[in-house]
Amino acid sequence: MTTVPTIGVLALQGDVREHVRALEAAGARTLTVRRPEELERVDGLVLPGGESTTMWRLARSFDLLDPLRKRIEAGMPAYGSCAGMIMLADRIRDGAAGQETCGGIDMTVRRNAFGRQVDSFEARVPLTGMGDTPYHAVFIRAPWVESVGEAVEVLGRAESGPNAGRIVAVRQGRLMATSFHPELTGDFRVHHYFADLVRRTTEEE
Ligand code: GLN
């Protein structure tokens, strides 16, 4: 039996519509999530790119931060892109004063890391488990992953561009994150990979 999972897109701020489109192209049903009741209805969640400090403040004022943390702890699959990667990091560097995250991935992420040299750029990133062709990745004031714990699998490192070799895609169990924006390029391999992960999780449970 194939199930069609419902994947939420956190819609407080950021490039929500592009993720909705990419997930639907990957065969998922989608729901935009702004309230705790909506969060309860999804099988997995995408945290989009945008501005992590704004996302954090809005998540606090919409009473979503604790429900997000609880669902992540309870095993909900989640994928964070760029600002969303920051939201899923257990530790951040160069955050705003008091900036909080949902956490879940045992990694330290440096905010605006690439942005110090160059605001946006493109680079090739070979991605484990997502085909033989390197991904053409778009980075916009992106974070990089400075260090990861043992449970974290590195899915990709930048192969070209400024700071080649930096970790830009990771997975820890049902959680994954990329520094780049796969919703912008029309190559939806990352969304397919995540939709499969959500589908398998819903079939297991
Ligand atoms: N620099 C942003 C932040 O700190 C992330 C940029 C992005 O998501 N494109 O959240």
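The values are calculated or read from the model by the stated rules, or taken from the named source; none is laboratory data. Because the structure is a prediction, the values reported are computed rather than measured. Glycine also receives a Cβ, built like all others from the backbone with ideal geometry; neighbour counts cover every protein chain displayed.
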Does residue 128 satisfy the criteria of being touching a residue at least 60 places away in the same chain (Cβ under 8 Å) and either over 20 Å from residue 86 (Cβ atoms) or in a strand (DSSP E or B) (or both)?
no
Quickly run through region 1-38 and pick out the residues that are without any contact (Cβ under 8 Å) to a residue 60 or more places away in the chain and in contact with a His (Cβ under 6 Å, 6 or more places away or on another chain).
9
Does region 55-62 include one or more residues that are more than 24 Å from residue 94 (Cβ to Cβ), more than 16 Å from the ligand (Cβ to nearest atom) and surrounded by 18 or more Cβ atoms within 10 Å (Cβ to Cβ)?
no
The residue that is surrounded by the fewest Cβ atoms within 10 Å (Cβ to Cβ), considering only those in region 131-173 that are touching a Ser or Thr at 6+ places or on another chain (Cβ under 6 Å) and in contact (Cβ under 8 Å) with a residue 60 or more places away in the chain, is 140
Restricting attention to region 138-161, the residues that are among the hydrophobic types (A, V, I, L, M, F, W, C), within 12 Å of the ligand (Cβ to nearest atom) and out of contact with any His (no Cβ under 8 Å at 6 or more places or on another chain) number exactly 2
Only one of these conditions is not met by residue 123: (1) out of contact with any Ser or Thr (no Cβ under 6 Å at 6 or more places or on another chain); (2) crowded, with 22+ Cβ neighbours inside 10 Å; (3) at pLDDT below 95. Which number is it?
(1)
For region 22-64, give me the residue count where each residue is among the β-branched types (Val, Ile, Thr) and closer than 22 Å to residue 137 by Cβ.
1
With 164, 96 as the choices, which residue is within 14 Å of the ligand (Cβ to nearest atom) and in a loop (DSSP other than H, G, I, E, B)?
96
